[in-house]
1. Any residue in region 240-255 that is crowded, with 18+ Cβ neighbours inside 10 Å sitting within a Cβ distance under 6 Å of a residue that is of a type in the set (S, T, Y) and outside any loop (DSSP other than H, G, I, E, B)? List the pairs, counting only those 6 or more apart or interchain.
2. Are there any pairs, at least 6 apart or on different chains, whose C-beta atoms fall under 6 Å, with the first in region 68-80 and closer than 11 Å to F98 by Cα and the second aromatic (F, W, Y), and if so, which?
3. Could you say whether any residue in region 161-170 is under 19 Å from the mean Cα position of the chain (by Cα), assigned to a strand (DSSP E or B), at pLDDT 95 or above and surrounded by 14 or more Cβ atoms within 10 Å (Cβ to Cβ)?
4. Considering only region 7-63, state which residues are aliphatic (A, V, I, L, M) and assigned to a strand (DSSP E or B).
5. Could you tell me whether A141 is of a type in the set (G, A, S), at pLDDT 95 or above, outside the structural domain of R269 (by TED's automatic domain parsing) and farther than 29 Å from G242 by Cβ?
6. Taking the stated definitions as given, is I74 aliphatic (A, V, I, L, M), outside any loop (DSSP other than H, G, I, E, B) and under 28 Å from R7 (Cβ atoms)?
7. Could you list, in sequence order, all residues of region 114-131 that are more than 23 Å from S198 (Cα to Cα) and surrounded by fewer than 23 Cβ atoms within 10 Å (Cβ to Cβ)?
8. Within region 196-224, how many residues turn out to be over 28 Å from G257 (Cα atoms) and not β-branched (V, I, T)?
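The values are calculated or read from the model by the stated rules, or taken from the named source; none is laboratory data. Note that the coordinates shown come from a computational prediction; the quantities given were computed from them, not determined experimentally. Quick reminder, even Gly has a Cβ in these numbers, built from the backbone with ideal geometry, and neighbours come from all protein chains shown.
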Amino acid sequence: MRLLTLRLSNGEKTETVAVRQDGETLIEIDGFTDVGELLRSEDWETTARAANGATHALDGADLAAVVPSPGKIICVGHNYRNHIKEMGREIPEHPTLFAKYTESLIGPNDDLALPQESDTVDWEAELAVVIGKKGRRISEADAASHIAGYSVLNDVSMRDYQFRTIQWLQGKTWEKSTPFGPALVTQDEFSAGPLMTSAVDGEIQQSTPTGDLVFTPEFLVSYISTIITLNPGDVIATGTPGGVGHAQDPKRYLQEGQVLVTTIEGLGRLSNRVVKEA
């Protein structure tokens with residue numbers, strides 16, 4: 001099952017609604033403004049499968065970030081061996097964690113804001129895990145039952161700000177910088193493994209199977225839930241593979257007018273035009 005958050009414009013007002021994708025049709029899930037709100041209902045999966053609300057064409061749909069306002073966005077650094085190697089690091093013994101905030105999220109086809117303060121804006125394609133059931137100290141064996149599904153995310157990073165200190169957050173959560181979507185794909189239709197790519201103006205930069213992780217989604221759910229309760233709608237961005245612009249020689253960064261495309265086979269595609277932030 002594929003779940004999305006659709007924007008609907010009515011004159012000057014824009015609202016959102018959770019929808020289920022059936023082929024090329026989006027079906028409203030009545031009573032839920034977005035996928036995050038849907039996940040917080042006890043029988044979200046049954047409700048979504050039974051939905052028969054108003055319909056909309058997928059083609060041309062104005063999609064928001066699939067979970068527009070997650071309670072937590074927890075990101076994992078150094079989780080693909082080829083990226084660890086290109087950045088000159090050692091394989092970590094424990095996950096490297098940092099956070100994003102909801103203001104950083106944009107929809108799968110929204111413009112990506114290029115801030116005037118940074119000229120080292122880099123791409124990081126990532127597999128996103130979306131939590132579907134609350135839990136604390138979840139065992140790795142039980143972790144899959146707490147995962148609602150998976151999505152595509154790009155952890156666009158302002159490298160100059162990221163490396164000002166040993167703490168990365170200030171380079172990772174700039175407003176309107178993190179495309180997320182297009183859909184949440186439930187576990188019965190996806191598991192980590194298929195190819196993930198990022199491309200800039202059609203030129204492939206990253207291309208690695210999503211199964212080539214140091215720490216698996218199940219391990220990350222267990223590890224993070226030891227520290228803090230995971231709630232429905234929370235997001236874990238599982239890390240990026242090799243091919244980032246900062247590691248290239250010469251270094252390459254996003255420029256105004258370029259288009260960043262991020263794909264994961266079986267999950268979908270993000271396509272975001274880079275524009276100067278107003």
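1. Between residues of region 240-255 that are crowded, with 18+ Cβ neighbours inside 10 Å and residues that are of a type in the set (S, T, Y) and outside any loop (DSSP other than H, G, I, E, B), the close pairs are P241/Y80; P241/T208.
2. Listed pairs, sorted by first residue: C75/F98.
3. Checking region 161-170: not a single residue is under 19 Å from the mean Cα position of the chain (by Cα), assigned to a strand (DSSP E or B), at pLDDT 95 or above and surrounded by 14 or more Cβ atoms within 10 Å (Cβ to Cβ).
4. L8, V17, A18, V19, L26, I27, A57, L63, listed by residue number.
5. Numbers: of a type in the set (G, A, S): yes; at pLDDT 95 or above: yes; outside the structural domain of R269 (by TED's automatic domain parsing): no; farther than 29 Å from G242 by Cβ: yes.
So A141 does not fit the description; no.
6. yes
7. Q116, E117
8. Qualifying residue count for the region: 11.
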